[in-house]
1. Where along chain B is the Cβ that lies nearest the axis linking it to chain A, and how many Å separate them?
2. What share of Cα pairs, in percent, lie more than 21 angstrom apart in segment A:69-206?
3. Which of the chymotrypsin sites (Phe, Trp or Tyr not before Pro) found in segment B:1-90 are in a DSSP loop and have at most 16 neighbouring Cβ atoms, other than their own, within 10 Å?
4. Rounding to the nearest 20 debye, state how big the charge dipole of segment B:17-255 is about its Cα centre with +1 on each Lys and Arg Cβ and -1 on each Asp and Glu Cβ.
5. Lys/Arg Cβ at +1, Asp/Glu Cβ at -1, dipole of the protein assembly as shown taken about the Cα centre: which of A:VAL187, A:TYR97, A:GLY285 is farthest positive-ward?
6. Give the average over all directions of the projected area of the C-alpha convex hull of the protein assembly as shown, one decimal, in nm².
7. Take every Cα-Cα distance within segment B:227-360, group them into 5 Å bins from 0 onward, and report for each bin the whole-number percent of pairs it holds.
8. With label points built 7 Å along Cα→Cβ from the Cα atoms of B:MET160 and B:LYS231, find their separation and express it in nm.
2 protein chains.
Amino acid sequence: MVKRVFNFGPGPAALPLEVLKVAQEELLDYRGTGMSILEISHRSPEYEDINNQAISLMRELMGVGENYHVLFLGGGASTQFSMIPMNFLPQGKVGAYVDTGTWSAKAIKEAEKLGKVEVVASSKGDKYSYIPKDIKAPNGAAYLHITSNNTIAGTQYQDMPDTDVPLICDMSSDILSRRRDFGKFSVIYAGAQKNIGPAGCTAVIIRDEMLAKCPDSIPTMLNYKTHAKEKSLYNTPPAFAVYIVKLVLEWVKKQGGVSAIEKVNAKKKDVIGGLIDQHGDYFKGTVQQASRSWANITMRLPTEDLEKKLIADAKAAGFIGLKGHRSVGGIRVSLYNAMTLEGAEKLAAFMLDFMKKNPK
Amino acid sequence: MVKRVFNFGPGPAALPLEVLKVAQEELLDYRGTGMSILEISHRSPEYEDINNQAISLMRELMGVGENYHVLFLGGGASTQFSMIPMNFLPQGKVGAYVDTGTWSAKAIKEAEKLGKVEVVASSKGDKYSYIPKDIKAPNGAAYLHITSNNTIAGTQYQDMPDTDVPLICDMSSDILSRRRDFGKFSVIYAGAQKNIGPAGCTAVIIRDEMLAKCPDSIPTMLNYKTHAKEKSLYNTPPAFAVYIVKLVLEWVKKQGGVSAIEKVNAKKKDVIGGLIDQHGDYFKGTVQQASRSWANITMRLPTEDLEKKLIADAKAAGFIGLKGHRSVGGIRVSLYNAMTLEGAEKLAAFMLDFMKKNPK
């Protein structure tokens, strides 16, 4: 009997059970090839088909055209922090960044190693508890870089900034979880391990005209042109991770695409966010309500002891991954796409019950 | 009924069936956690245990001590081609390289983008058909870089060069397949997808004293110090691939370690190499016998039509992955660790039978 828990971890995170079942079923013999997908050549027609399908599904779900390349790279989103300025921040230009949390700050630090950076808006002084308004990039900036969802702080852009310079977004923790005008962006990158797959693969969606900017002098593997030209098959790709991404994208499509997913996610965030809105003296939100993330809802309890007890009791009841990041503390409920509404409702009921049993 | 073929592909390649079975069994619920290993946090005790075990097993199987760090990185060995000079080739120094094939040449090209390179030996003029002898790095070179096995050309170092400068080796296609004095090397790197796991993870084994050379000015993710300090957990690692690597290393240990594996591999290469040695007018070896790889045995048949027929007939008989690289043509038989002696013997019998049925 397979045991399954409700995984509210911040990532790597829950995957749809039906995706895991397909992967399990096919693990020794991928569709009659007599080989595991873990053993199959990335030059085989079977893998090319997986890769092509993952690319088309990503475009289709985002509602973007073939003027966007979809890449599947190794090295994590953290490597993108360096690849972005290596490819797009030439000498004499400035890279504009918005600092909304730990991950933005890391992106900024890496860009500063490679070129001139201007932080055009920041909520750092207020513990990253909100998303700045009226973000403006300086005229002639090489790009404006934002982090759409802040996994640690628990904030999320509700609307995307308008800008005349190329908009680049780290969408690691909310890609395909809400409707966005994806066509606004010049580059989107996302570690797969929250909404679209397992750890070990980073999706990069890049508008064709950006490729002309990538300098030939940089390392081949760090040049987006290399991977766009070869459809991520210049070198051996993280094939199994891409295969799981393909299965997850098929699952998203089957759910009804991003707008259907968004409807469920809106309910999930209302169920968990409702604890803060209705019992705010017990479940104390750590961010401004208008900036509250749908993906990672952060809160403190009246005491640290209660927080520890809630995490332990929840684990015993089959709800795991609720510990807040050490820099914020408290409780963090991550509600990525594969978390069901049922899971969120059960957790909310558990937390209300906990509040009654453990008054402050 | 699960169908399994004999996979002689050059990589991604066959994995031990018992490893795949464990992965399949654990795919929905990793050891009672209620989560798939694809969903589990890289900060969980379960993943830390996998990571630590993979590190210790690698050290144990190589016979190196704790003065070697074992890293598991994304980005493939191709990213190492740039990381090596970024970390170890300062201005004013020269990186010495041996050019023994396509992958060496790629490593050289990437190093030339970043610093001064000297090719100290090369078999390029003779179609990469041998491993040069008497390799010497210039005094004061930053390092000497070699490629221990050449997957495409089909050659392999039988003995490793002696040098006073740090010896760096791309061991992607023969790591843990033969006994080597691993303690001779300052850095060893290997894409996992041939002998130690699936695509999506690159092992880097690096001597502690090398870390002092890594400059802080380079991107954090491209600095070996980052990953050594954090045991490859600075960012989200390719967790599932590392898990499979751990299972494969356990399997290697269970077989009796590298010396036991070597004995089987020696028999496999004699079985397939014997076709060339005994029927060289039909199975024409493309490299000098003294440099012949145990891992990738390359040959031409009397005509291209016969080569095509052999590949097609073999596939129909359940032997796949035999097509030579387009730059060499012909037949390539890859005999990585997970290929059984039985598989090699059955293929040899098939090829002898093919020769009889299809005389030149």
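1. Residue nearest the B-to-A axis, with distance in whole Å: B:GLY74, 2.
2. 35 percent
3. Qualifying residues, ordered by number: none.
4. Values: 26 positive and 27 negative charges, 99 e Å.
Charge dipole of segment B:17-255: 480 debye, to the nearest 20.
5. Working it through, the farthest residue towards the positive pole turns out to be A:GLY285.
6. Working: hull surface 123.5 nm².
That works out to 30.9 nm².
7. Result returned by the calculation: 2, 9, 17, 19, 15, 11, 9, 8, 5, 3, 1, 0, 0.
8. About 2.6 nm, to one decimal.
The values are calculated or read from the model by the stated rules, or taken from the named source; none is laboratory data. This one's a predicted model, so the numbers in the text were calculated from it and none came from an experiment. For neighbour counting, all protein chains shown are included, and Cβ atoms are generated from backbone atoms with ideal geometry for every residue, glycine included. The area values use the complete protein model at the heavy-atom level, side chains included, leaving out ligands, DNA and RNA. Shrake-Rupley method; radii C 1.70, N 1.55, O 1.52, S 1.80 Å.
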